[in-house]
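This report refers to the structure that appears directly beneath it.
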Amino acid sequence: MKDKEKADLIKSLISDVAQGRQAELLEEMVETVLRFGRDGAGIADLKLYSRAVRELRYATSVFSKYHGIRKVAVFGSARTKRESQEYQLAREFARRIVQHGYMIITGGGDGIMGAAQEGAGAEKSFGLNIRLPFEQRANEVIDGDPKLINFRYFFTRKLHFVKETHAFVLFPGGFGTHDEGFEVLTLMQTGKSAIVPIVFVDRPNGHYWETWRRFVSLDLLQQGLISPSDLNLFKITHSIEEAEAEILQFYKNFHSYRWVRQAMVIRIRQRLSDTALDALNRDFASLLVDGTITQGPALPEEAAEVQLADLPRIVLTPTKHDFGGIRALIDAINAAETQE
């Protein structure tokens, strides 16, 4: 079969399941897979890529049923005992946040993860379990639920934590908890993932995250390894009420954002007053690389996102070296006066 005939066959098969831009992307994916064969990729590599793609497809199919619901990921130690204060706090936090229409995502294990899913209930929970030789078995709340996803690879699991989550809440934990926390902070600091709330929660009078804050402030900030505005990317609290309020306030007026070339387009629920817009231009002038902060309707480039068409937009061209500053801007938008 000639190359053109092969290409036509691929297009014909794809046209049975997709159209438009979706079909174009699927065609690119099929072509990439075929190039692995032309490149002589080894069996071990092909097994890894095949399993990873299967995991990505399955996880995407599970989450797709809940696309319009915001979700909070809860991290913390699998070794936390049921009688501990941290366990009780994680359970109560999850119980409270799902009452606001959120769902909970955890690693699916015991300890803090099990506490959060106990508080949320299986109906409002996802478990992203990782297959390990020890510790990580599914907790009794999520075990057997169709929203429990078992991953072979950490990278496919982490991708879905980041892709599907609208806020991260971290309770005390071990290496895994710090790994998840620092990865999310790194992705936001570098603009590789969307800015969302990150809240570190400790028990009243606890010092776990305060010790971590001292390390960040004294060893990272003071040595110039991070910027002062990077501290805007997270909050440390000893109160689940404050953790809950941090998430709810973040989405008070802010909805989401996207990039249109170099412009950042922030979707909001209510238009800001002219006075509020002037204040944003005054207070965040140093964040801009060109023009001013403006307000208006959806841009032509957003035409495909029909469900968001009616939301007002805040448009600016910010520096891409200060995502902590952008987080401060979002906070200011949420606190700003809106039009009647």
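The values are calculated or read from the model by the stated rules, or taken from the named source; none is laboratory data. If you're wondering where the values come from, they're calculated on a predicted model, not measured in any experiment. Every residue, glycine among them, receives a Cβ derived from its backbone with ideal geometry; neighbour counts consider all protein chains shown.
Tallying residues that are surrounded by fewer than 10 Cβ atoms within 10 Å (Cβ to Cβ) and closer than 26 Å to residue 304 by Cα within region 1-18 yields 3. Checking region 291-307 against the condition returns no match, with no residue being surrounded by fewer than 16 Cβ atoms within 10 Å (Cβ to Cβ), closer than 21 Å to residue 100 by Cα and free of Cβ contacts under 8 Å to residues at least 40 places away in the same chain. Being within 17 Å of residue 200 (Cα to Cα), crowded, with 21+ Cβ neighbours inside 10 Å and under 15 Å from the mean Cα position of the chain (by Cα) holds for only one residue in 168, 126, and it is 168. Scanning region 40-54 for residues being surrounded by 13 or more Cβ atoms within 10 Å (Cβ to Cβ) and either within 12 Å of residue 152 (Cα to Cα) or among the hydroxyl-bearing types (Ser, Thr, Tyr) (or both) gives a total of 5. Among the criteria (1) surrounded by fewer than 24 Cβ atoms within 10 Å (Cβ to Cβ); (2) at pLDDT below 95; (3) touching a Gly at 6+ places or on another chain (Cβ under 7 Å), the one residue 148 does not fulfil is (2). Pairs are defined by a Cβ separation below 6 Å, a sequence spacing of at least 6 or placement on different chains, a first member in region 182-206 that is outside the structural domain of residue 76 (by TED's automatic domain parsing) and within 17 Å of residue 264 (Cβ to Cβ), and a second member that is modelled with pLDDT under 95 and surrounded by fewer than 20 Cβ atoms within 10 Å (Cβ to Cβ); no pair meets this definition. Listed by first and then second residue, the pairs with beta-carbon distance under 6 Å, at least 6 apart or on different chains, first residue in region 157-178 and within 16 Å of residue 72 (Cβ to Cβ), second acidic (Asp, Glu) and part of a helix (DSSP H, G or I), are 171/86.
Per the conditions (1) farther than 20 Å from residue 97 by Cβ; (2) in a loop (DSSP other than H, G, I, E, B); (3) under 11 Å from the mean Cα position of the chain (by Cα), the sole criterion not satisfied by residue 194 is (1).
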